[in-house]
Amino acid sequence: QKEVEQNSGPLSVPEGAIASLNCTYSDRVSQSFFWYRQYSGKSPELIMSIYSNGDKEDGRFTAQLNKASQYVSLLIRDSQPSDSATYLCAVNPARGGADGLTFGKGTHLIIQP
Amino acid sequence: DTEVTQTPKHLVMGMTNKKSLKCEQHMGHRAMYWYKQKAKKPPELMFVYSYEKLSINESVPSRFSPECPNSSLLNLHLHALQPEDSALYLCASSQGIELWGAFFGQGTRLTVV
């Protein structure tokens, strides 16, 4: 059974600090990984994607992937109160053809002003 | 146009009613998805359409019936639902999920009474 694991939190981080969100996955054949941000009562919004081992940076966000450890992380630099949301890790199970995404339970992030 | 549009935003229906949820995208995406999300849970995949053909049905009860009239439209027909089916129903589309992830509509908040 494919699983994506996240610490549900809440994770509380002071404004201006770095928020670090972690995710592990069980299916070794997974090839692509995504981070979604979801505000309360809203739909998920894609913020980062990563496919290769290493780091990928986009503005204040950095995604990190280690396929050997089956580990994905998201760093948010200079955290702002507007970053307070639930962050969902999603994995493409790579079954071939049309796939859906498998989501972790999400980490609730709170940025304290 | 990078939007996935869902209607209605809110729906209240009785257990004997028949209703439909609608989803539209004009991004030329070849895959469209229905997800169900309960409160404080991650989105759960229900159906996947690829090139207008149903490719994945994640053992969803027959009271949910998907339809893809053309490459831009996706419907979810509802009949004889139960109160436990109350949830946020999310439509998503993708140009190729392994590389691009999926983009979500704003969702339909469904309440079954």
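For region A:91-106, a residue qualifies if it is open to solvent by less than 10 Å² (accessible area, probe 1.4 Å) and either modelled with pLDDT of 95 or more or within 16 Å of A:G16 (Cα to Cα) (or both), and the qualifying residues are A:G104, A:G106. For the criterion of being out of contact with any helix residue (DSSP H, G or I) (no Cβ under 6 Å at 6 or more places or on another chain), among the aliphatic types (A, V, I, L, M) and open to solvent by less than 40 Å² (accessible area, probe 1.4 Å), A:A85 passes. Restricting attention to strands (runs of 3 or more DSSP E) lying wholly within chain A, give those where 3 or more residues are farther than 26 Å from B:R30 by Cα and not aromatic (F, W, Y). Of the strands (runs of 3 or more DSSP E) lying wholly inside chain A, those with at least 3 residues that are farther than 26 Å from B:R30 by Cα and not aromatic (F, W, Y) span A:11-14, A:19-25, A:54-58, A:61-66, A:71-76, A:107-112.
Among the residues of region B:102-113, just one is assigned to a strand (DSSP E or B), surrounded by fewer than 23 Cβ atoms within 10 Å (Cβ to Cβ) and within 7 Å of chain A (Cβ to nearest Cβ), namely B:F103. Within region B:11-35, the set of residues being within 14 Å of B:V112 (Cβ to Cβ) and either within 14 Å of chain A (Cβ to nearest Cβ) or in contact with a Ser or Thr (Cβ under 8 Å, 6 or more places away or on another chain) (or both) comprises B:L11, B:V12, B:M13, B:L21. Among B:L73, B:L54, B:L99, B:L45, which is the only one that is in contact with a Gly (Cβ under 6 Å, 6 or more places away or on another chain) and open to solvent by 10 Å² or more (accessible area, probe 1.4 Å)? Criteria check complete, one pass: B:L45. Does B:S59 satisfy the condition of being within 11 Å of chain A (Cβ to nearest Cβ), more than 15 Å from A:S43 (Cβ to Cβ) and either open to solvent by 50 Å² or more (accessible area, probe 1.4 Å) or outside any strand (DSSP E or B) (or both)? Here the answer is no, as B:S59 does not meet what is asked. For A:Y71, the test of being more than 23 Å from B:L88 (Cα to Cα) and either among the β-branched types (V, I, T) or open to solvent by 60 Å² or more (accessible area, probe 1.4 Å) (or both) is passed. Given (1) at positive phi; (2) more than 10 Å from every other protein chain (Cβ to nearest Cβ); (3) not hydrophobic (A, V, I, L, M, F, W, C), identify the lone condition not met by B:P83. Every condition holds for B:P83 apart from (1). Restricting region A:2-42 to residues that are open to solvent by 60 Å² or more (accessible area, probe 1.4 Å) and among the hydrophobic types (A, V, I, L, M, F, W, C), the residue that is farthest from A:V72 (Cα to Cα) is A:I18. Under the condition of being in a loop (DSSP other than H, G, I, E, B) and more than 13 Å from B:D85 (Cα to Cα), which residue from region B:36-51 is nearest to the other protein chains (Cβ to nearest Cβ)? Looking at residues that are in a loop (DSSP other than H, G, I, E, B) and more than 13 Å from B:D85 (Cα to Cα), I get B:P42. Flag: B:I97 matches the condition of being touching an Asp or Glu at 6+ places or on another chain (Cβ under 6 Å), closer than 26 Å to A:E3 by Cβ and of a type in the set (V, I, T). Considering A:E57, A:E45, the condition of being under 30 Å from B:R109 (Cβ atoms), open to solvent by 60 Å² or more (accessible area, probe 1.4 Å) and modelled with pLDDT of 95 or more is satisfied by A:E45 alone.
The values are calculated or read from the model by the stated rules, or taken from the named source; none is laboratory data. Given the structure is predicted, the values throughout are model-derived calculations rather than measurements. Neighbour counts are summed over all protein chains in view; Cβ atoms, including those assigned to glycine, are modelled from backbone coordinates with ideal geometry. Keep in mind that these areas ignore ligands, DNA and RNA; they rest on the heavy atoms of the full protein, side chains included. Shrake-Rupley method; radii C 1.70, N 1.55, O 1.52, S 1.80 Å.
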